[in-house]
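Take a look at the structure set out below.
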Amino acid sequence: MSFIFEKKVISPTELINLYPMPEKDALVKKERDRQIKEVFTGDSDKFLVIIGPCSADNEDSVCDYINRLAKVQDKVKDKIIIIPRIYTNKPRTTGEGYKGIVHQPDPEKEPDLQEGLIAMRKMHLRAIAETGLTAADEMLYPENWPYVEDILSYVAVGARSVEDQQHRLTISGMDCPAGMKNPTSGDFSVMLNSCVAAQARHTFLYRAYEVHTTGNPLAHTILRGAVNKHGQSIPNYHYEDLVLLLDMYNQRDLANPAAIIDANHANSNKLYSEQPRIVREVLHSRSVNAEIAKLVKGVMIESYIEPGNQKVSEHIYGKSITDACLGWEESEKLIYTIADHI
C-alpha cells in the first residue's frame, strides 16, 4: 500500500475552538476586509502592498517584522493598505526542501502536520492581536482553508496550482479577494480562465462532503513573470504586458477586473534587489495610463528583516530560509516611495 496513514489530525472546528479569534480582533478584521474589498470593487482608490517573507518560518521574527509594518501603515494609511504575507505553505518545484511551517513547525525537525496546523493558526492570531494587520497566505492546499478562513484577508493561488480544478473551485467558495497567478508558461488566458472558474458557482466534492459555492467576484489576476523552454525568466510587468492584460480582460465578462504585480519570482529573475526598480516601473505605467491605473490595484513584494536568504542551519534572525527577500530598510523606503507616487 502506497499511503501509510500515520494519524488523524485535528479538525478545523477543533482547532478554531482551541484557538478562537478574540471578538475585538474579529471586528478589526471585518473593517480591514471592507477596506480591502473596496479596492477591488473600485470604491476605494487606495493601493495594496502585499509584502512579507517568502515563507513564514519563525513566529517571533515574522511577528517582529509585521510590527514594523504596522508602524509604517499608520504613516501611509491615507494612500496604502499593507497586507502582510504570512505564507505558511511553501511550494517546492522538485518536492524537496522546507515546505513551510504547516509541514515543519521546526525547520530542523521532522514534519508534524498536527503541530504545523496549530503553529499556523497561532502565528496568524498573534500577528493580528499585536498589529491589527490581517494577512495574506497562499492557498497551496485547498483543504487547509477551513483552518484559517476566519483569519485571512487575502489568498493567492500559485503559478503551479492555478490550472488545478480543485484550487479554482475552492476559491469560488471564498469570500475574500483571491489572486490567481499566471502559470509558469506565462499564458494569460490560463490565468484569466482560472478567474472565470473562480467567479462562477460550482458543485463538487470537498473534505468528504458534496458542496456548492456561489462564486467569488473578487478573484483576480497576479502577474509573476514566466519561464521559457530554456528555463529563462520572462518578465510580464512592463507597460505592454499591462495593456495586453487589460485588452484580454475587456474581452471577458469578469467582475471587478484587477491585477496585482508580483515584483519577485520570474519578474525579477529571483534577483530580490530588483524589486524596488520593478515597482517603480509599475507605478510609472499607472501614472501614464488611467486604465492601467484602474486595473493595477497593488504590488506583491518578498521582504524580511535581513536581506537575502540563508541555509536552515545558519540561524540568522529574520533572514529567509527559502527565496531571497528584500531587507527591512529597503522595504520601508519602498513603501514610502509607493505612497509618494499614488
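The values are calculated or read from the model by the stated rules, or taken from the named source; none is laboratory data. Since the model is a prediction, treat every value here as computed from it, not as a measurement. Here the Cβ positions follow ideal geometry from the backbone for every residue, glycine too, while neighbour counts run over all protein chains shown.
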Residue 161 fails exactly one of the following numbered conditions: (1) within 26 Å of residue 246 (Cβ to Cβ); (2) surrounded by 18 or more Cβ atoms within 10 Å (Cβ to Cβ); (3) of a type in the set (Ser, Thr, Tyr); (4) without any contact (Cβ under 8 Å) to a residue 60 or more places away in the chain. What is the number of that condition?
(4)
Residue 302: passes all of (1) out of contact with any Cys (no Cβ under 6 Å at 6 or more places or on another chain); (2) closer than 27 Å to residue 230 by Cβ but (1)
Look through 273, 285 and report the one residue that is among the polar types (S, T, N, Q), assigned to a helix (DSSP H, G or I), buried (at least 17 other Cβ atoms within 10 Å of the Cβ) and modelled with pLDDT of 95 or more.
285
Select from segment 313-332 the residues that are in contact (Cβ under 8 Å) with a residue 24 or more places away in the chain, in a helix (DSSP H, G or I) and under 18 Å from residue 66 (Cβ atoms) and list them in ascending order.
328, 330, 331, 332
The listed residue being out of contact with any Cys (no Cβ under 8 Å at 6 or more places or on another chain), in contact (Cβ under 8 Å) with a residue 40 or more places away in the chain, farther than 26 Å from residue 275 by Cβ and of a type outside the set (Lys, Arg), out of 193, 144:
144
Can you confirm whether residue 182 is touching a Leu at 6+ places or on another chain (Cβ under 8 Å), more than 18 Å from residue 160 (Cα to Cα) and of a type outside the set (Phe, Trp, Tyr)?
no
Any pair with Cβ under 9 angstrom, 6 or more apart, that starts in segment 101-129 at a residue that is without any contact (Cβ under 8 Å) to a residue 12 or more places away in the chain and ends at one that is surrounded by fewer than 16 Cβ atoms within 10 Å (Cβ to Cβ) and of a type in the set (A, V, I, L, M, F, W, C):
none
Among (1) surrounded by 15 or more Cβ atoms within 10 Å (Cβ to Cβ); (2) closer than 23 Å to residue 219 by Cα, where does residue 278 come up short?
(2)
Given (1) free of Cβ contacts under 8 Å to residues at least 60 places away in the same chain; (2) crowded, with 24+ Cβ neighbours inside 10 Å; (3) of a type in the set (Ser, Thr, Tyr), index of the condition residue 185 fails:
(2)
Is there any pair with a first residue in segment 213-232 that is more than 23 Å from residue 165 (Cβ to Cβ) and without any contact (Cβ under 8 Å) to a residue 24 or more places away in the chain and a second that is among the β-branched types (Val, Ile, Thr) and in a loop (DSSP other than H, G, I, E, B) whose Cβ atoms are under 8 Å apart and which are 6 or more apart or on different chains, and what are they?
none
Only listed residue being without any contact (Cβ under 8 Å) to a residue 60 or more places away in the chain, part of a strand (DSSP E or B) and buried (at least 16 other Cβ atoms within 10 Å of the Cβ), chosen from 301, 261
261
So for segment 27-50 (the condition being part of a loop (DSSP other than H, G, I, E, B) and among the hydrophobic types (A, V, I, L, M, F, W, C)), does at least one residue qualify?
no
Enumerate the pairs (first residue in segment 34-52 and of a type in the set (Gly, Ala, Ser); second residue anywhere and in a strand (DSSP E or B)) with beta-carbon separation below 7 Å, excluding pairs fewer than 6 apart on the same chain, so at least 6 apart or on different chains.
52/84; 52/85; 52/303
Quick check: anything in segment 3-15 farther than 20 Å from residue 156 by Cα, assigned to a loop (DSSP other than H, G, I, E, B) and in contact with a Leu (Cβ under 8 Å, 6 or more places away or on another chain)?
yes
